Amino acid sequence: MTRRARRLTLIGAALGVFGIAIGLVLFALRDNIVFFYSPAEVEARHVAPGVRLRIGGLVEQGSFKRDQNRSVSFVVTDGKGSLPVTYTGILPDLFREGQGVVAEGSLDQGGTFRADNVLAKHDERYMPRDVADALKKQGVWQGGSNAASTQGVTR
Amino acid sequence: MIVETGHYALVLAFVLALFQAIVPLIGVRLADAQLMRSARSIALMQFAFVALAYAALTYAHVVSDFSLVNVYENSHSAKPLVYKISGVWGNHEGSMLLWVLVLSICGASVALFSRIMPETLRAAALAVQGWIGAAFLLFVLATSNPFARFADAPLEGRDLNPILQDPGLAIHPPLLYLGYVGFSVTFSFAAAALICGRLDAGWARIVRPWVLVAWMFLTLGIAMGSYWAYYTLGWGGFWFWDPVENASLMPWLAGTALLHCMSVMQKRDALKIWTIFLAILAFSLSLLGTFLVRSGVLTSVHAFANDPARGVFILAILVLFIGGALILFALRANTLVPGGVFAPVSREGALVLNNLILTCACATVFIGTLYPLALEALTGDKISVGAPYFNLTFVPLCLPLALAMPFGQQLAWKRGNLLGAAQRLTIAIGCGLVAVIALALIKGGPVLSIIAAGLAIFLIIGSFADIAARTLRGEGHVLSRALGLPRSAWATSIAHAGIGLTLFGLASTGWGVEEIARMRPGQAVTVGPYELTVTEIKPGRGPNFDETVAHTVIRAGGVIVAQINPAQRFYPVRQMSRAEAGIATLGFGQVYMSLAEVNRNGTIDARLYWKPFVILIWIGALVMAAGGLLSLSDRRIGFAYVTRRRGAAAPVLPQAAE
């Protein structure tokens with residue numbers, strides 16, 4: 001094999017692996033990212049039922065209800081809009097009424113958010129700005145606390 | 001007074017770092033041996049002062065000096081001593097100080113250990129190390145001063161985040177930082193080689209031990225972090241594709257690639273430019289990780305924009321060093337003489353493939369980590385890129401790598417024989433296939449798990465095919481022949497087998513069992529092959545927390561095999577509760593129980609898991625690191641080589657290249 005042919009093989013292999021990687025990334029980014037909305041944004045954007053998304057806000061005071069079989073329902077609010085959520089499973093330790101929460105799942109036909117994953121986060125990234133500000137005012141959210149204050153549960 | 005001494009020592013260390021950054025370089029330029037030699041003593045002095053500052057901060061934490069903002073915010077007088085010491089790095093300021101301490105340890109080690117290297121190379125490398133040190137010391141002093149005081153000292157501190165009060169924290173960050181920052185040495189040597197304008201196999205021989213050390217610590221650090229997350233976060237996951245985790249995975253991937261391509265450079269004098277590039281890349285990704293974790297950009301792009309002092313500073317460091325190194329690279333890379341040639345099917349070719357796959361895998365992690373940040377900064381849309389993305393990109397790239405690894409080991413340098421390699425791997429291939437078929441027929445389960453488990457078995461057996469072949473042939477007793485093989489051969493086999501073990505552990509998660517149960521004392525719940533019975537639920541009290549413990553026995557076929565005590569702990573100072581999981585290791589698997597809720601009627605809600613072979617994930621990492629250690633002890637490539645030839649007549653690089 002000549003030097004030129006060797007070099008071409010090398011470049012070919014590099015482009016091959018690189019191309020596969022790019023292809024995989026583009027494919028994965030198309031279908032496997034989840035948008036994060038606040039309840040008001042969910043209303044404003046008319047999110048279709050069945051689309052996976054994350055919602056975040058405060059658990060509304062007095063909205064938390066326990067049904068049978070460990071399923072729970074509560075309302076998530078961001079001060080401007082609110083969204084009823086149902087979830088079956090165990091809630092994270094940090095879950096409280098009046099505190100920040102993030103839920104992952106999708107809307108059903110009736111406009112209720114069916115969560116399959118609930119995270120209690122005192123973390124600005126997962127919170128609408130108004131909610132984060134509200135939390136800061138209440139002194140609940142500890143600014144700059146790191147990822148360790150994250151707790152999650154997957155069904 | 002001690003605290004002020006520490007603060008002052010830190011300032012002195014900064015000044016010394018500046019000196020170290022400039023004077024040796026002038027020495028290199030003027031070919032002045034004395035100026036060049038000054039680098040070593042300054043590096044040692046800088047280490048001494050940083051260590052002094054660090055000791056002062058530790059002292060303040062141990063004696064609970066709440067007049068320090070840092071101590072007040074992260075400590076409490078009732079906190080156990082071990083967490084007072086480890087709590088020093090459980091916060092931003094202290095952890096940056098640890099970063100700088102590790103950096104100065106690296107500099108001091110370069111000054112002490114690499115005796116045979118040419119003075120120009122060492123002086124230039126230590127100067128680059130000095131630049132990094134100066135930048136980060138300035139960062140600590142200007143934006144994250146751990147020695148800031150209150151005018152009126154509070155009486156009691158706010159305690160450390162309960163999740164961080166764990167033995168895992170005592171070990172994980174130092175290991176991780178030794179890995180992260182260890183790559184600074186490689187970076188410095190790469191920059192030094194570009195400055196000196198000479199790069200050959202000797203350079204690789206000098207630098208490879210440093211790569212190995214950093215890589216070992218990073219491997220252990222990542223594994224430790226993952227095990228820590230597994231047992232503290234209470235829901236049995238060990239890897240979340242969280243940006244913080246990805247930040248440590250990226251340098252590991254680049255470092256692994258670097259390690260392999262260095263062996264090509266060392267043996268065959270080829271792939272020089274690529275080696276230098278990877279050396280720069282590995283540390284750049286470490287810096288990127290530091291930026292992601294320490295700037296607050298992960299919390300929110302907006303939070304970053306609102307309080308930019310720290311973030312912008314690290315970003316400036318990032319741009320300065322990556323940009324500077326790449327400019328140097330662009331200016332000097334073309335002066336490097338290309339080395340040996342090789343056929344595509346050869347050991348070199350296999351290592352190139354390894355590098356290609358590892359860097360592409362690294363790039364997918366990079367995109368998955370930074371894309372959400374970029375999108376939020378540009379459009380304001382918040383998205384999360386989670387496990388599904390990485391399962392679709394990272395996994396398909398890495399599984400073929402596992403398949404290729406034993407083949408690569410079988411190929412000869414320069415020109416290899418793929419068919420011959422396959423023949424030598426017959427047994428391993430057979431075992432892998434039998435495992436796949438047996439698992440599919442008997443056990444069933446997810447297809448990916450079955451394939452990955454088969455691959456893992458092929459990889460573990462295939463890693464030793466070379467050693468087996470060399471042991472069974474030839475004169476003398478089998479054992480003495482096995483021990484007579486070069487340690488580097490064993491090291492490669494062991495490290496690769498470690499990957500196989502980890503892969504097997506990962507594959508086995510597919511056969512895990514997960515239950516959420518309401519448990520009453522005396523009532524048995526079945527989880528996989530085991531029965532769990534809560535015997536007693538009772539309150540307890542620790543030094544700075546109250547807890548409810550559920551004593552639980554685990555039975556297999558009616559016989560008690562283990563006892564676990566999962567607990568729910570409440571830390572009054574921070575008003576936070578956290579679950580302390582009960583874990584029993586049975587064989588290579590674990591029963592994992594985490595209390596979610598203690599109900600009024602005397603029952604508990606718990607998450608119960610049976611995780612077969614789960615500890616292989618971390619044992620694999622330990623085995624990988626052991627392979628690294630063995631390679632380090634090999635006289636031909638490890639530290640021994642470097643120190644043994646002290647005073648050797650011909651230095652590897654000529655003095656004063658200019």
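Before moving on, here are some points about what is shown:
- Dipole axis of the protein assembly as shown (+1 Lys, Arg; -1 Asp, Glu on Cβ), positive-most option in B:PRO24, B:SER594, B:TYR230: B:PRO24
- Potential lengthening of the chain between B:ARG37 and B:LEU378 amounts to 117.8 nm, from the contour at 0.36 nm per residue minus the alpha-carbon distance.
- Trypsin sites (Lys or Arg not before Pro), loop per DSSP, at most 10 other Cβ atoms within 10 Å - longest free stretch of chain B: B:1-472
- In the context of the full set of protein chains, the stretch B:1-165 has a per residue accessible area of 35 Å² (1.4 Å probe).
- Summed over the residues of the stretch B:316-456 and divided among them, the accessible surface reaches 45 Å² per residue at a probe radius of 1.4 Å.
- Spin-label model distance (nm) - A:ARG30 vs B:VAL341, 7 Å beyond Cα toward Cβ: 4.2
- Given their separation in residues at 0.36 nm each and the Cα-Cα distance between them, A:ALA13 and A:ARG96 gain 24.5 nm when the chain is fully extended.
- Positions from the stretch A:80-94 whose accessible area shrinks by 30 Å² or more when the full protein complex is built, not the chain alone, probe 1.4 Å: A:ILE90, A:ASP93, A:LEU94
- Estimated FRET transfer efficiency when R0 is 45 angstrom, pair A:ARG45-B:GLN575 (beta carbons, to 0.05): 0.80
- Threshold 50 Å² - residues in the stretch B:324-369 whose accessible area is reduced by that much or more when the chain is no longer isolated, probe 1.4 Å: B:VAL341, B:PRO344, B:LEU356, B:CYS360
- Put simply, the Cα atoms of the protein assembly as shown extend 81, 72, 53 Å along their principal axes, the longest span coming first.
- Net charge over other residues, Cβ less than 14 angstrom from the Cβ of B:ILE317 (K, R count +1; D, E count -1): +2
- Simple label model, 7 Å out from Cα along Cβ direction - B:ILE26 to B:ALA309, nm: 3.3
- Estimated FRET transfer efficiency (B:ALA404, B:ALA438; beta-carbon r; R0 22 Å; 0.05): 0.40
- When B:CYS106, B:CYS398 are compared by accessible area of protein heavy atoms, the largest-first order is B:CYS398, B:CYS106, using a 1.4 Å probe.
- From the alpha carbon centroid of the stretch A:51-117 to that of the stretch B:576-622 is 26 Å.
- Surface share of carbon and sulfur [accessible, 1.4 angstrom probe, percent] for chain B: 66
- Between the residues B:VAL527, B:ALA123, B:ALA428, the greatest Cα displacement towards the positive end of the dipole of chain B, with unit charges on the Cβ of Lys, Arg, Asp and Glu, is found for B:ALA428.
- The interface between chain A and chain B buries about 4300 Å² of solvent-accessible area in total (1.4 Å probe, ligands and nucleic acids excluded).
- Accessible surface for B:HIS477 stands near 130 Å², nearest 10, in the context of the full protein assembly shown (1.4 Å probe).
- Calculated FRET efficiency, B:LEU479 to B:VAL395, Cβ-Cβ distance, R0 = 45 Å: about 0.70 to the nearest 0.05.
The values are calculated or read from the model by the stated rules, or taken from the named source; none is laboratory data. Predicted model, so just to flag it, every value in this text is computed and none were measured. Heads up, the Cβs are rebuilt from the backbone with ideal geometry, glycines too, and the neighbour counts pull from every protein chain shown. Calculation scope for accessible area: heavy atoms of the full protein, side chains included, ligands and nucleic acids excluded. Shrake-Rupley method; radii C 1.70, N 1.55, O 1.52, S 1.80 Å.
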